[in-house]
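These notes are about the structure you will find just below.
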Amino acid sequence: MRSFSIGMVLVCVPVLLMIIGIIHPPFDHEAMNVAHKLQPPSLNHWFGTDQYGRDILTRIMIASQNALLVSIGSVGLAMVIGCVLGASAGYFQGWYGSLIMRIMDGLFAFPGLLLALLIVTVLGVGGENAVIAIAIFNIPLFARLMYGFILEANSFGYVKAAHSYGANSSQIIFVHMVPSAFSKILVQGTTSMSGAILTEAALSFLGLGVQPPHPSWGGMLNEAQPLLAVAPWYPVFPGLIIFITVMGFNLIGDGWRDLQVKER
């Protein structure tokens, strides 16, 4: 449980930044003041300012909203679609199950970031398309997880009992089977969140994710890259918040997985 607790504390950091950014941001994240450009961290600007004099802390707060919304949206979408496909494939099996799982295997063969880049290139840049791209390469993870569980659950006593009293396929799958896999889905969901955060940052770094003037962690790293010699503090803070968030979700997933092992 220690890793779970540490993970929760770490994830609270971007969540808290997001909430403060919504309720009372320290500065206007779009307000430019070239007279204060590239100032190092100070009491007035805790994380310093960028090349346009904008407060870096404020922009990280606003970027936290974009990063978490894109990641939660993409993982949530992948979770719903993947679980439905995997559960139906595992329950009905036959040609339908084989077709669904071969498609999932094909998607799974592509590296996640490469597949996301391909999808965004086809659909166009922007946060909405980033959600779709990240969701598509996460769908096979949930589909394979649910498929394996449903194959195992077909022999469970409560499933056979549901068959005996005449429950239809939808009831058996979504009322009796899927809820039993909820803890496994949550573990995969938290792990996928860390990957989604990294992928969103990578897409934004390449200019394919959240578009200016909306700030993003990856976009801020891209802006900081040519300024390393004169403003070495600039990339530290967006890079640090990415690290904290990814580590937090990974630790939460590890903690949940360890708890499941102990319960068995």
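Based on DSSP H segments of at least four residues, each scored -39500 (n - 2.57), the chain has a per-residue ellipticity at 222 nm of -23500 deg cm²/dmol.
Please list, by residue number, everything in region 49-88 whose backbone N is under 18 Å from a paramagnetic label point 7 Å out along Cα→Cβ of residue 42. The answer is 49-59, whose backbone nitrogens lie closer than 18 Å to the label point. Principal axis extents of the C-alpha atoms in the chain (largest first, rounded to whole Å): 76, 42, 29. Excluding residue 53 itself, what net charge comes from residues whose Cβ is under 15 Å from its Cβ, given Lys and Arg +1 and Asp and Glu -1? Cβ neighbours under 15 Å give a net charge of -2. Rounded to the nearest 10 degrees, the angle from helix 112-123 to the longest Cα principal axis of the chain is 80 degrees.
Be a star and scan region 205-230 for residues whose amide nitrogen sits under 14 Å from the point 7 Å along the Cα-to-Cβ vector of residue 247. Hits in region 205-230 for residue 247 at 14 Å: none. With respect to the chain, whose longest principal axis is taken over its alpha-carbon atoms, helix 56-92 is tilted by about 10°.
Read-outs: derived from the displayed coordinates by stated rules, not from any lab. Quick caveat, the model's predicted, so the values are computed rather than measured. Every residue, glycine as well, gets a Cβ built from its backbone with ideal geometry; the counts of neighbours run over all protein chains shown.
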